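Input: a single structure, listed below in structure tokens.
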Ligand SMILES: [Fe+2]
């Protein structure tokens, strides 16, 4: 064929969809990620297509007959708030009756397009096992330094779940939410293999947190804003610190969440529940305490998250008293792009278990800030002198690992990516007793 004619055909074909006013269809699944639905034996698979398509997961036990099981779900239309009003179809399928500790392979999509094949191991059941976690916050598209290491950890099955403590992508809504798409593609490398549990951060605030609310599928009915779940001997409470900061449209969410937190903590503290799941761990994005040199909320004595808002009508309660009152064992945070381990602390006072063993039977909750996974905003430096409640600090990029061994023992360590995976800090939190009585 003559070059001219060939070029004409190429141009014509390229314009065809536009000429007929039909956008190209895009039913290929992408951005696959898992979350735990909060019900034993379940797992939620979430993914995105850019055209309407069915929501199907085909799966099977590892090494079994491939794709012999099928589960169906639904897609919701998410229209981004940017000028292009881009449309995403977010598909959700809940797998049920999974066998504990059994590995499955799956792909998702529909007959119009299937994803790659992924695998996961269903969570163990009951309370007599020792779940392992990766924890971090503030992971972006640009400079996601810890991601490759997290990926390898995940591939060698180091974790039962990953906790992303707010701030994703930087920022998901940018470039008409293409940055969000790109981020979800990047974290597919870990999130399609283990439950990827989240809470919102300040970087998700655009269009009323719509990218966050739409893209994730956490338990409960709050569009992933706050929820709790159980894993082994642990009750994990995820919540939004952002209700203390984005209050232009009112304090509704703040009070709703506070009420829910109170109820959830009450329930988790019923003697029969706490006996089963002694560990209560909270995750929220912005810390109550930090010793960074950036004038953030956590550097203020009366941080909003810690003591609430006094200039609103009515005043809004903070969270330190609440968490102390219900005997929360460990509070994990991010937002500061650094790592900081605190001594057991309440009301700016250190309550170590003893001089030699500060984390053995501490008399107050322990706080960990791990927000240095890597993002375009780089690292947040510290003030030169650590505060009296600050036990260890690092500005290396990295993330934390945690394993809750049993009723009494929890292990947590911080990995430095700058130092090629070296563990730069570790802590054994040991408790013979849980709940508010443990403070006495
Ligand atoms: Fe943040």
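The values are calculated or read from the model by the stated rules, or taken from the named source; none is laboratory data. Keep in mind it's a predicted model, so treat the numbers as computed, not measured. Heads up, the Cβs are rebuilt from the backbone with ideal geometry, glycines too, and the neighbour counts pull from every protein chain shown.
Summary of values
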item: Qualifying position, being closer than 16 Å to residue 434 by Cβ and assigned by TED's automatic domain parsing to the domain that holds residue 203, among 356, 361, 347; result: 361
item: Condition broken by residue 238, with the remaining ones in (1) more than 16 Å from the ligand (Cβ to nearest atom); (2) farther than 24 Å from residue 310 by Cβ; (3) buried (at least 22 other Cβ atoms within 10 Å of the Cβ) satisfied; result: (1)
item: Selection count where residues are closer than 17 Å to residue 116 by Cα, surrounded by 14 or more Cβ atoms within 10 Å (Cβ to Cβ) and over 26 Å from the mean Cα position of the chain (by Cα), scope the range 49-65; result: 4
item: Scan of the range 259-275 for residues that are touching a residue at least 12 places away in the same chain (Cβ under 8 Å) and touching a helix residue (DSSP H, G or I) at 6+ places or on another chain (Cβ under 9 Å), ordered by number; result: 261, 262, 265, 268, 269, 273, 274
item: Tally of residues being touching a strand residue (DSSP E or B) at 6+ places or on another chain (Cβ under 6 Å) and touching a residue at least 24 places away in the same chain (Cβ under 8 Å) across the range 103-117; result: 9
item: Only listed residue being surrounded by fewer than 23 Cβ atoms within 10 Å (Cβ to Cβ), over 16 Å from residue 368 (Cβ atoms) and in contact (Cβ under 8 Å) with a residue 24 or more places away in the chain, chosen from 313, 294; result: 294
item: Residue in the range 245-258 that is more than 16 Å from the ligand (Cβ to nearest atom), in contact with a helix residue (DSSP H, G or I) (Cβ under 9 Å, 6 or more places away or on another chain) and within 19 Å of residue 330 (Cβ to Cβ) present; result: no
item: Residue satisfying condition, being over 18 Å from the mean Cα position of the chain (by Cα) and under 17 Å from residue 137 (Cα atoms), within set 395, 383; result: 395
item: Count - residues of the range 104-140 that are within 16 Å of the ligand (Cβ to nearest atom) and part of a strand (DSSP E or B); result: 4
item: Residues of the range 154-174 satisfying the condition of being away from the ligand (no atom under 16 Å from the Cβ), free of Cβ contacts under 8 Å to residues at least 40 places away in the same chain and surrounded by fewer than 21 Cβ atoms within 10 Å (Cβ to Cβ); result: 155, 156, 157
item: Condition met for residue 269 (more than 21 Å from the chain's Cα centre (by Cα) and crowded, with 16+ Cβ neighbours inside 10 Å); result: yes
item: Residue that is surrounded by the most Cβ atoms within 10 Å (Cβ to Cβ), among those in the range 395-430 that are out of contact with any strand residue (DSSP E or B) (no Cβ under 8 Å at 6 or more places or on another chain) and within 16 Å of residue 130 (Cβ to Cβ); result: 407
item: For residue 143: the one exception among (1) in a helix (DSSP H, G or I); (2) within 16 Å of the ligand (Cβ to nearest atom); (3) more than 15 Å from the chain's Cα centre (by Cα); result: (1)
item: Per-region count, the range 82-100, residues surrounded by 13 or more Cβ atoms within 10 Å (Cβ to Cβ) and not in a strand (DSSP E or B); result: 4
item: Which listed residue, of 343, 333, is touching a strand residue (DSSP E or B) at 6+ places or on another chain (Cβ under 7 Å) and within 16 Å of the ligand (Cβ to nearest atom); result: 333
item: Residue among 134, 177 that is within 17 Å of the chain's Cα centre (by Cα) and surrounded by 19 or more Cβ atoms within 10 Å (Cβ to Cβ); result: 134
item: Number of positions in the range 181-209 that are more than 27 Å from residue 104 (Cβ to Cβ) and more than 16 Å from the ligand (Cβ to nearest atom); result: 3
